[in-house]
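The values are calculated or read from the model by the stated rules, or taken from the named source; none is laboratory data. Because the structure is a prediction, the values reported are computed rather than measured. Because the Cβ atoms are built from the backbone with ideal geometry, glycine has one as well, and the counts that use them run over all protein chains shown. These area figures cover heavy atoms from the full protein model, side chains too; ligands, DNA and RNA do not enter into them. Shrake-Rupley method; radii C 1.70, N 1.55, O 1.52, S 1.80 Å.
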Amino acid sequence: MRPTSPNDPTSPTSAAEAVTFWDGVYAARPAPDAPRPNVRLVETVTGLSPGTALDLGCGSGGDALWLARRGWRVTAVDISGVAAERLAEHARAHGLGDRVDAVRHDLRASFPGGRFDLVCAHYLHTPFDLDRAAVLRAAAHALRPGGRLLVVDHGSTAPWSWDQDPDARYPAPREVAADLALDPATWRVERAEAPRRTATGPDGRTAEVVDHVLLVHRTG
């Protein structure tokens, strides 16, 4: 076993800090009565036949619930037990408990098992060390042939974001795709864009934000 340090994302100290941080983020927010799905998910998935989906970093659960209501069976994971428990309760309360499996999972240490028709990762950013390329590469490999990986990242800083670093840099979708180093014979980039939209934050404020949207199709 290799030694660990407080800066090592696999160390017990770092893992506990990450869980505490994200539990605090969600505990500080009132649980929404009707969490909304992300716009980029709706525009991407509408028209697709329901199947199995994996929601990485499920947060308040708007995406998982929206998918479940449309016939998808969803595995929703988040490092925050508060977020996962709230989503599980919400799914049961709305008769979707058999379609949503909400679990706490630290993607820095392992990746959920299974094969999926859709994997979505919306705003999978964290102040803690995370090898995002490795996580998203694993997500692409978890797709069934014909499945899609939807990655939506921040392309700008919203006023309500926990990260207000003025020097923050947001890699373009093509950069994210290049980091995944996927075989183009098996995975094809269907969309790599930076659209703008008006977003509403947890406190009701609105602002124009930029999304970095990457959609990868597993063709073989």
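Points worth noting:
- Counting only DSSP beta bridges whose two residues both lie in the chain, roughly 45 percent are antiparallel.
- What you get for region 36-218, charging only the Cβ of Lys and Arg (+1) and of Asp and Glu (-1), is a dipole of about 680 debye around the Cα centre.
- Alpha-carbon gyration tensor eigenvalues x 5, square-rooted, for the chain, Å: 23, 22, 20
- Solvent-accessible surface of the chain, taken per residue with a 1.4 Å probe and all protein chains present: 50 Å².
- Residue (of L180, L143, T157) at the positive-pole extreme of region 142-220, dipole from beta-carbon charges: L143
- Fraction of accessible area attributable to carbon and sulfur, region 36-218 (%, probe 1.4 Å): 47 percent
- Candidates E17, E43, E85: whichever shows maximal mean-square fluctuation once the chain is modelled as a Gaussian network with Cα springs under 10 Å: E43
- Taking packing as the residue-averaged number of other Cβ atoms within 10 angstrom, the listed peptides 101-113, 64-76 run from highest to lowest as 64-76, 101-113.
- Once C-alpha pairs closer than 8 Å and six or more residues apart are averaged by separation and normalised to the residue number of the chain, the relative contact order reads 17 percent.
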